[in-house]
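The values are calculated or read from the model by the stated rules, or taken from the named source; none is laboratory data. Just so it is clear, the model here is predicted, and its values are computed rather than measured. In this analysis, Cβ positions are derived from the backbone assuming ideal geometry, glycine residues included, and neighbour counts consider all displayed protein chains.
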Amino acid sequence: MLCTMSAAYARPDTRAMTCEQTQTLIKGDRAIVLSTGRDTYDRFVRQFGNACDWPEVPVSTTVPTKDGECRVYRCEEPINLPD
C-alpha cells in the first residue's frame, strides 16, 4: 500500500492547536517536529530534559497557534559572548 499523502500533512500543525495543546504535545513527546506554516516546520523540545544534542541547549521561541503566539523551545547552539 502506498501513502499518497505528503509528509508535511502528517506533522501536527501548531496553527490548528491552542497554545496549551501545543505545549502539552511537546512536553508529552520530549521532542517533536511540528508544522508552523504552509511550508515551515521545526523540531521543538521541552525546556528541561535531554532532547538537545551537545552543545545545543533549549532556546525560547514562539510559534503561531489558534489563540495567538505561543512560547516553546527548540535546540540551538549557545551564543558565546566576548568577555
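A few notes on this one:
- Those residues of segment 9-25 which are modelled with pLDDT of 95 or more and not in a loop (DSSP other than H, G, I, E, B), in sequence order: ASP13, THR14, ARG15, ALA16, CYS19, GLU20, GLN21, THR22, GLN23, THR24, LEU25
- Segments classed as strands (runs of 3 or more DSSP E), wholly inside segment 26-83, with at least 3 members that are surrounded by 16 or more Cβ atoms within 10 Å (Cβ to Cβ) and within 9 Å of the chain's Cα centre (by Cα): 31-35, 41-45, 68-76
- Within segment 26-59, tally of residues that are modelled with pLDDT of 95 or more and of a type in the set (Phe, Trp, Tyr): 2
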